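This report concerns only the one structure given below.
Throughout, read-outs are computed from the coordinates displayed, never taken from laboratory work. All figures in this text were calculated on a predicted structure; none of them were measured in a lab. Don't worry about glycine lacking a Cβ; one is built from the backbone with ideal geometry, like all the others, and counts go over all protein chains shown.
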Amino acid sequence: MDLISIANAVINGVVIGMLLALPALAITLVFGIARFPNAATGDYMTLGAYTTMASQLVLGGSIVAAVLAAMTATAAISLLMYFWVFRALSERSHVSRLIASIGVAFAVRSTITFFAGQDQYVIDVPLVRAWNFGGLRILPTDLYIVGAALTALFVVFFIMYLTPTGRRMRAIADSAELAAASGIRARRVMIFLWTIAGAFCGLGGALLGIKAVVLPELGWELLMPMFAGVILGGIGSPVGAVLGIVTFSIAQEVASLYVGPAYKIVLAFFILLVVLLLRPQGMLGRPIAAR
Amino acid sequence: MRQPYDLSRRGFLISGTAAATLGALQAPVLAQEKVFRLGALNSITGIGGPYGPYMLEAIKIAVNEVNEAGGAAGRKFQLFAEDDQTKPEAAVLAVKKLVEINKVEAVVGIWPSSVGLATMPITNDANVITMNTCGAPEMLTENKKGLAWMFQASNAIFGNAFAEVARQRGFKRPAVMAFNNSTFVGQANYFKNAWESGGGKVEAFVIYEPNQSSYRTELARVLATKPDVISLSAYRPDATIILKEWFQTGQDCKFIMPGWTANEDLVKALGKEATEGLISISNVAADKHEAYKRFAAAFRKVAKREPDIFAAQSYDMVITLALALEAAGPQADVAGVNGKIRSVTGVGGTRVNGFAEGRDLLRKGEKVDYEGASSRLDFGKHGETVPDFGVSDIRDGKLVLKETIPGKLPA
Amino acid sequence: MEGYFIAIAISVLVYLLMASGLALQYGFTGLVNFGHVGFFAIGSYASALLALKGVPVPVSLAAAALLAALAAYPIGIIALRLGGDYLAIVTLGFSEAVRMTLQTEEWLTRGMHGLPGIPRLFAGWVEPRYIDLCILLLLVVVCVAVFFAIHQIIKSPFGRVIEAIRDNEVAVRALGKNPAQFKTRSLMIGAGIAGLAGGLQAHYLTFISPEQYVPLITFYIWIAIVLGGVGSLRGVVMGTVLLVGFLEGSRFLRDIFTGISEVQLASVRIWIIGMALICVVLYRPQGLFGKSAERKH
């Protein structure tokens, strides 16, 4: 393979990775604080993509307004599910929360297909050609996508590391008991967590819908690579999640130049195994003892 | 406290008796007016989701047409619909229900080859006619009782037609991209064989995994070989993404695609600019046939859109079945009806475009040849159609028919 | 008529076999296996391919169970050193990797074209119209045997150790037992049962293709055991009957609700499953038919 092809694959991997970094961050935050792998993450993304499409139809035109509406809607659903389901389960085993999140995933997706059907939709954005730098192709749309993702990531990292809410969040992630003992009220942190998780999944889904097509299985299909990316980065580590998913996406894209596309997923599994064997705490995570 | 209970129970008893009496009254009526129990097994959910629901609509339209005309051989069609979820094991249960509970005599609308192959042993055991759009060559060899009818051209014929068109249009450096399922991989392989047996070389051959959010790397791999045409065997969602990404690269290249993907729906998803010049190949039908025009009008009324080829084929399944039933007569069993399918579609009869027209001629003792909404429908010895293909270009968002090429099996 | 009920019963029993394997792994050992369908797939393909090569079906079925169990060995070794969530994701990845391999290695599996013409169980031994009934009876026998075996395992010293692992791993370790070894064995037995179920299904359906082995099957089995009640064999049976009964029974809803479209009905079906799952976890954690209260991990 020539260098240009590899470079293009890398660019593509970065774009997809940045896009998936948003829901991946949601996964890792939920894992670190609410302590379970949230299987509904993918379907929150799907919800984001569908609400973007729907609000574009209703509001007409402005894609930015549509995406913001989608983020609000997914954040609302995410909070609703917290208050109804995950809050009540917070004292129970993490497997029970995982199972419940599969139920949430099914419920969200089937509600979407009940109203929208099984057929595909597209989010209306103008088609533009890529800038071509001697074979290196960069898409203006992709730049917007990466820009939007970076902005969102910047905002959440700012909050996490430079505000009192963020400090409380990290304290709970470190040790829920210690945090409670030192008087941190978990409720507010949880509300903040689920708002962020919902909004980020919504944004990720909306961006994905713009880039690809809107289908009922859009987010669900991505759960596996996202979890792999999160593990690669170190489960529970926010920066790790972003680095992990981007690395992972690049690896997948470059690999599909060499192996058959079907083996992308096999490769993902393989990376996962190697990481778990050599460095179970991931790229940036703290060593996690067997729970 | 006892009284209301007793009352309600008496009420229940009364209504129960009433229902029973009603049932008894109705039974002889039903027996007099013998119905033909028809099963529709469609891929409503799963990968078939974009097509299955419309196939069911088309079947309903055809059933209405037959019933409004008074039924076939005096028998009205009673429809039982099931979703196979585009999954073989769900299809097995669904078809068992149709066969065992609903006692259907024919199952129409089977879409993917995997469902066709999984259900064939059951329908064969039960002596049930099946009509499908499956393209896998194994359908022909597994059709051991001759009860299965393939309304879609097999992959072999399709792949061949793609290669034929590429050659006629003067392309020199074709590449192949195909969705990883049996139909499209088959198509891609037959394209490659047909092209290479003609002395050419296929520049790139990529089978991609479905359900991805980007196919850019796969596409780059193909485009790197600088093909002048890509045979793209895809469904609408992946075709939308691939063509979007191809357009964005700005690289010049043509695409040959199956008609159920390259059509007005694709234009709606992608816009006119990105779809300009796509070559769409489909069973020729159609839009010239009276049957198609009438069907399309009825379809537009319920579905608010143009029918795709699978919908047209599903419509044809029911009409063909109805004509065969009419030809076989009211006393005929399933085998008798099945035996007439070739004769009502074969060459030599008077061409008819709809059920009522055909039935009237059949009653006069004439031979008919149903010219379907999907193709002219002539069945080969394994129950396969070898349709002619219509080659259309997409120009300014519309399909423009350029030429027709005769379909043929690979040498 | 009875043919359809036989078909449903066969479907229930195949799921039940898989569910019993998972019940051993999760319900009694606490292993979070989200790749159950991968072992099921290995069993299906192994048995089908061997039988197509002319190996007698009983032998190919045994080989299927064995192969699936062996496939679980490396997974166990690698992942059991880690916490439950890791195992969930690794096994999910494993099942997808299996599916992709089946899909790609055409020389062996015919890829997406699937394997048609797999020899039916009992073909040539009994009259064709009684074959389904015989398969059903065989499945009943196999299920009873498997349940009995699981029951014995739980009662055995090995069973007491795995239950102890589930409840308190540290204590087990303190007693000088190596939990990972016990977990691996439990994982392998469960996988072997799933492989056997896969083989039986392949010889019943006579056609298999990689699309049949999607993660959704795994989730269905999880749903079945969670609904019924984790950690009790009665719960597993009832959960499976309930789930498959609902999935099939909802077909008849269509004959009642005529106003709703097919597409919407399919959505309603999944919605009900999703909601049932949430509500059971929330309001009846021991499952609809379970007795013991849920343990904390």
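Tally Lys/Arg at +1 and Asp/Glu at -1 over every other residue whose Cβ is under 14 Å from the Cβ of B:R173; what's the total?
Local net charge: +3.
Collect residues whose amide H, placed 1.01 Å from N in the peptide plane, falls under 5 Å from the amide H of B:V229; neighbours closer than 5 in sequence don't count.
Answer set, sorted by chain and number: B:R173, B:A175, B:K254.
With an 8 Å cut-off on Cα pairs and a minimum separation of 6 or more residues, tell me the relative contact order of the stretch A:110-243 in percent.
28
For a protection proxy built on the mean count of beta-carbon atoms within 10 angstrom, sort C:219-231, B:62-74 highest first, please.
Highest to lowest by the protection proxy: C:219-231, B:62-74.
Which FRET efficiency, nearest 0.05, do C:F257 and A:I6 yield, Cβ-Cβ r, R0 41 Å?
Efficiency at R0 = 41 Å is approximately 0.15.
When we measure straight from the Cα of B:K103, which lysines land under 16 angstrom away, once same-chain ones fewer than 8 places off are left out?
B:K34, B:K76
Going by a ≥ b ≥ c, the root eigenvalues of the Cα gyration tensor, does the stretch B:267-411 fall in the rounded group (a/c under 1.5), the prolate group (a/b larger than b/c) or the oblate group?
Since a/c reaches 1.5 and a/b is larger than b/c, the shape of the stretch B:267-411 is classed as prolate.
Work out the charge dipole of the stretch B:258-411 with +1 on the Cβ of Lys and Arg and -1 on the Cβ of Asp and Glu about the Cα centre, then indicate which of B:Q331, B:I309, B:I405 is farthest towards its positive end.
Ranked along the dipole, the leading option is B:Q331.
Rounded if a/c is under 1.5, else prolate if a/b beats b/c, else oblate: with a ≥ b ≥ c from the C-alpha gyration tensor eigenvalues square-rooted, which is the protein assembly as shown?
oblate
Farthest toward the dipole's positive end in the stretch C:2-213, which of C:P157, C:L13, C:I131, given Cβ charges of +1 (Lys, Arg) and -1 (Asp, Glu) about the Cα centre?
Toward the positive end, the furthest listed residue is C:P157.
What whole-number distance in Å separates the alpha-carbon centres of the stretch B:70-94 and the stretch B:134-193?
So the two Cα centres are separated by 27 Å.
Gaussian network model of chain A, Cα springs within a sub-10 Å range: biggest mean-square fluctuation belongs to which of A:V230, A:V85, A:V214?
Maximum fluctuation in the GNM of chain A, among the listed residues, is at A:V85.
Report, in whole Å, the centroid distance computed from the Cα atoms of the stretch B:349-381 and the stretch C:134-165.
If you average the Cα positions of each part, the centres end up 61 Å apart.
For every helix of n ≥ 4 consecutive DSSP H residues, a contribution of -39,500 (n - 2.57) applies; sum these over the protein assembly as shown, divide by its total residues, and give [θ] at 222 nm rounded to the nearest 500 deg cm²/dmol.
Value at 222 nm, helices only: -20000 deg cm²/dmol.
I need the shape label for chain C. Rule: rounded when a/c is under 1.5, else prolate if a/b > b/c, else oblate, with a, b, c from the alpha carbon gyration tensor.
oblate
When Lys and Arg each count +1 and Asp and Glu each count -1, what net charge do the other residues less than 14 Å away from C:H113, Cβ to Cβ, add up to?
Once all neighbours under 14 Å are counted, the net charge is -4.
For chain C, set up a GNM with springs between Cα atoms under 10 Å and report which of C:G114, C:G35, C:G235 has the largest fluctuation.
C:G114
If you put +1 on each Lys and Arg Cβ and -1 on each Asp and Glu Cβ, how big is the dipole of chain B around its Cα centre, in Debye rounded to 20?
The calculation lands at about 400 debye.
Among the GluC sites (Glu not before Pro) in the stretch B:308-411, which ones are in a DSSP loop with at most 15 other Cβ atoms within 10 Å of the Cβ? Mind listing them?
Listed in order of number, the matching sites are B:E366.
When chain A is treated as a GNM, springs tying every alpha-carbon pair under 10 Å, which of A:Y82, A:Y263, A:Y44 comes out with the largest mean-square fluctuation?
A:Y263
Could you name the lysines whose alpha carbon sits less than 16 Å from that of B:K144, not counting residues in the same chain fewer than 8 places away?
B:K144 reaches B:K381.
For labels at A:A180 and A:R167 in the simple 7 Å Cα→Cβ model, what's the distance in nm?
Those two pseudo-labels are separated by 2.3 nm.
With a cut-off of 8 Å between alpha carbons and a minimum separation of six or more residues, what is the relative contact order of chain C in percent?
About 32 percent, as a whole number.
Straight-line reach only, C-alpha to C-alpha below 23 angstrom: list the lysines that C:K155 could link to, leaving out same-chain residues fewer than 8 apart.
Reachable lysines: C:K177, C:K183, C:K291, C:K296.
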